[in-house]
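Have a look at the structure below, then the notes.
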Amino acid sequence: MSFKALLTRKTNDGVSTELVDFDEANLMDGDVLVQVEYSTLNYKDALALTGARPVIRTFPLIPGIDLAGVVLDSSSVDFKPGDRVVLNGWDLSMGHHGGLAQRARVRGEWLNRIPGNLSTRDAMAIGTAGYTAMLCVLALEDAGVTPDRGDVLVTGANGGVGSIAVAILSKLGYRVVAATGRPEHAEYLHSLGAAEIIDRAQLSEPRERPVSAERWAGVVDVAGGPTLVNALAETKYRGAVAACGLAQSDELHGSVLPFILRNVTLAGVDSVNAPQAVRQRAWDRLATDLDPQKLESTVQLIGLAEVLDVYDQIIPGKVRGRIVVDVN
Ligand code: NDP
């Protein structure tokens, strides 16, 4: 039995990916076989497919860090045929075949059930980006950031994590300020719930002063680098910053003054190896705290072959919202 899949191979000058017929017998070990219905493209997928960072460790490999589908066969006690499942991260597209394919054999402990009111397509419209956005919101809540405390800043607002973070936070009653380098999409950001839009250039250059005027009760930051340092410097007393990304830089050259003068919390957010209880909490909240119409407005739907035309537009920041891949 063979199925359609993308396959990434190592080449002399990097990596290359093509659409292939893949033999099911060549899938890796796992106790659950999934009929994949949808996958998606995230920033990390772009890093893997362009070879910009060494995401993939084993070649050749089916890329794709996310999948949603239906269990076909299972020897895991936790899943049975017909269960609707989602998988975000773990070893997918690193050491294990990923989601950009019509089938996947994976470890049951990597899977989560899709909450009842979400479709497999919704689950991939959310994807790692949306689930990470929810992890960031949970980190702010856990640090005590409530809507009455003031504005919440979201960086990279037109991207996947940013778009979904804006939508969730506004539904929860926060006043959201969206930082973007693409003000031409202001109407889209307002439709997701942003109250105000600022130019990301306001945050992107290193500054002399380690703390500045207090602006943010909370921050969801996908950029890292000077943007994160400046966001910390502008965070209010007892505010919190959830840091999940490196779209500007993986460096952090700042001061401890926001922590020791303003009691600011810097919360790290990792989606890849998050424990199951944390994942399920995030997915359950996504089912209730994300407006389905707003989610749909972020989606661009493509087929498996079209992935090859769009992946290199992601890192330069040319894609808005979420790319969902219909693998069938
Ligand atoms: P996208 O490509 O969808 O969005 C990234 C956005 O970042 C862009 O749309 C752009 O937004 C903004 N951006 C790009 N370059 C810069 C820059 N130089 N300075 C400031 N902002 C910039 O990616 P995702 O939303 O999928 O991922 C965002 C980040 O989060 C990535 O770094 C990714 O690796 C990370 N991530 C981390 C996870 C984790 O587990 N920790 C999980 C998921 C993502 P705009 O056009 O609005 O300016």
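Nothing in this text is a laboratory measurement; each read-out follows from the coordinates by a stated rule. On a predicted model such as this, the values are computed, not experimentally measured, just so you know. When we count neighbours, we look across all protein chains shown, and the Cβ atoms used for this are built from the backbone with ideal geometry, even at glycine.
Data for the structure
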{"read-out": "Residue pairs meeting the criteria (Cβ under 6 Å; at least 6 apart or on separate chains; first farther than 15 Å from Ala129 by Cβ, in segment 302-328; second of a type outside the set (A, V, I, L, M) and part of a helix (DSSP H, G or I))", "value": "Asp312/Thr50"}
{"read-out": "Top-ranked residue of segment 206-232 - restricted to ones that are aliphatic (A, V, I, L, M) and crowded, with 24+ Cβ neighbours inside 10 Å, ranked as farthest from the ligand (Cβ to nearest atom)", "value": "Ala217"}
{"read-out": "Filtered residues of segment 258-289 (kept if free of Cβ contacts under 8 Å to residues at least 40 places away in the same chain and β-branched (Val, Ile, Thr))", "value": "Ile260, Val264, Thr288"}
{"read-out": "Filtered residues of segment 9-57 (kept if in contact (Cβ under 8 Å) with a residue 24 or more places away in the chain, under 28 Å from Ile114 (Cβ atoms) and polar (S, T, N, Q))", "value": "Thr17, Gln35, Ser39, Thr40, Asn42"}
{"read-out": "Matching residues in segment 66-94 - criterion: being surrounded by 15 or more Cβ atoms within 10 Å (Cβ to Cβ) and of a type in the set (Val, Ile, Thr)", "value": "Val70, Val71, Val85, Val86"}
{"read-out": "Of residues in segment 18-46 being small (Gly, Ala, Ser) and in contact with a helix residue (DSSP H, G or I) (Cβ under 9 Å, 6 or more places away or on another chain), the one nearest to Phe79 (Cα to Cα)", "value": "Gly30"}
{"read-out": "Qualifying residue in segment 291-300 (condition: farther than 20 Å from Arg322 by Cβ and in a strand (DSSP E or B))", "value": "no"}
{"read-out": "Hits in segment 254-292 - residues which are within 15 Å of the ligand (Cβ to nearest atom) and over 18 Å from Ser119 (Cβ atoms)", "value": "Leu266, Ala267, Gly268, Val269, Asp270, Ser271, Val272, Asn273, Ala274, Pro275, Val278, Arg279"}
{"read-out": "Qualifying residue in segment 315-324 (condition: more than 16 Å from the ligand (Cβ to nearest atom) and either farther than 22 Å from Val36 by Cβ or loosely packed, with under 15 Cβ neighbours inside 10 Å (or both))", "value": "no"}
{"read-out": "Yes/no for Leu72 being out of contact with any Lys or Arg (no Cβ under 7 Å at 6 or more places or on another chain) and within 26 Å of Val222 (Cβ to Cβ)", "value": "no"}
{"read-out": "All positions within segment 213-227 that are outside any loop (DSSP other than H, G, I, E, B) and touching a residue at least 40 places away in the same chain (Cβ under 8 Å)", "value": "Trp216, Ala217, Gly218, Val219, Val220, Asp221, Thr227"}
